[in-house]
Amino acid sequence: MDRVCLVTGANRGIGHELVRQLCQAGDTVVLTARDMGKAERAVAGLPGAVPMRLDVTDQASVDALAREVGKRLGRLDVLVNNAAVHYDTWQWAESADLDVVREALETNLLGAWRVTLALLPLLRESGHGRVVNVSSELGSLAGMGGGTPAYAVSKTSLNALTRMLAAELRPDGVLVNAVCPGWVATDMGGPGGRPVAEGARSVLWAVELPDGGPTGGFFRDGRALPW
């Protein structure tokens, strides 16, 4: 089945590579970025990619995107919530700048939540809806220590949202999972990580789950991670 997919924060890094892989598979992919010019430049050389502007922190922007997807494409099969900010390795919980924490929660948690709610009618209509929340093992309570508080807390919260949405949307056939792509060599992750193509393939695994596949899980490279 040729899918209609949407990836947030996709003008660079893992999101952009995921769009490339999806287009290569023959899917139509909405590539979103906060700046329309960046989105338009990012789709160059990607047949099947459609640029659209999206600021996940702005409800008006999210609503406009949902209307445009419905009008131009008529359906949506896959949503990948990839947009994220503030990999705050310089911070500690005991002395954190709470403005930074608030900004991380606004994008990494509420942004994903906001976009999912707006696109949920289209995902339900698909009959094969998939929501993939790009998370991080830093959000795992099982192995959590100190440091990187804004990012870690926002990803823990995103994991909790994943569990709730999965339970509520199971009757509609919408699979909702969280995926940690691992430490990837991107602008956010920095040098030394795994190639971006490998990180994107980890996310792609959850996109391509068959009907009846796992939902409400936390995975990396198709293997379950502890919450």
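Cα axis of helix 196-207 to longest principal axis of the chain: angle in degrees, 0 to 90, nearest 10? Orientation of helix 196-207: about 60 degrees from the principal axis.
Against the chain, whose longest principal axis comes from its Cα atoms, helix 149-169 is set at around 40 degrees. The relative contact order of the chain, computed from alpha carbon pairs under 8 Å that lie at least 6 residues apart in sequence, is 18 percent. Here the extension length gained between A224 and A197 equals 7.7 nm, from 0.36 nm per residue of separation less the Cα-Cα distance.
Under the 0.36 nm per residue contour assumption, what length would be gained going from the current alpha-carbon distance of H128 and W183 to full extension? Walk me through the numbers before you get to the answer.
Working: separation 55, 0.36 × 55 = 19.80 nm, distance 2.96 nm.
Stretched out fully, the H128 to W183 stretch lengthens by 16.8 nm.
In this simple spin-label approximation, D97 and A142 carry label points 7 Å from Cα along the Cα→Cβ vector, and these lie 3.4 nm apart. Each Lys and Arg contributes +1 and each Asp and Glu -1, all at the Cβ; summed about the Cα centre of the chain, the dipole is approximately 440 debye. Our estimate of slack between M36 and Q59, defined as 0.36 nm per intervening residue step minus the Cα-Cα distance, is 6.6 nm. Farthest towards the positive end of the charge dipole of the chain, among the residues G129, V80, M52, is the Cα of G129, using unit charges on the Cβ of Lys, Arg, Asp and Glu. Whole angstrom only: what separates the Cα centroid of the range 26-86 from the Cα centroid of the range 147-179? Taking the Cα centre of the range 147-179 as reference, the centre of the range 26-86 is 21 Å away.
Out of these labelled values of P(r) over Cα pairs in 5 Å bins from 0, in percent, [x] 1, 6, 13, 16, 17, 14, 11, 9, 7, 4, 2, 1, 0; [y] 1, 6, 12, 13, 14, 13, 12, 10, 7, 5, 3, 2, 1, 1, 0, 0; [z] 1, 7, 16, 20, 22, 17, 10, 4, 1, 0, which was calculated from the coordinates shown here? Given [x] 1, 6, 13, 16, 17, 14, 11, 9, 7, 4, 2, 1, 0; [y] 1, 6, 12, 13, 14, 13, 12, 10, 7, 5, 3, 2, 1, 1, 0, 0; [z] 1, 7, 16, 20, 22, 17, 10, 4, 1, 0, the structure-derived one carries the label [z]. Placing unit charges on the Cβ atoms of the charged side chains and taking the dipole of the chain about its Cα centre, the candidate lying farthest along the positive direction among T32, L225, G111 is T32. Annotation for E168 and R72: the two label points, set 7 Å from Cα along the Cα-Cβ direction, are 2.8 nm apart. So how tilted is helix 59-72 from the main axis of the chain? Cα-based, degrees 0 to 90, rounded to 10. That helix lies at roughly 30 degrees to the long axis.
Read-outs: derived from the displayed coordinates by stated rules, not from any lab. Only a predicted model underlies this, so the values are computations on that prediction, with no experimental measurement involved. Note that we place each Cβ from the backbone using ideal geometry, even for glycine, and neighbour counts take in every protein chain shown.
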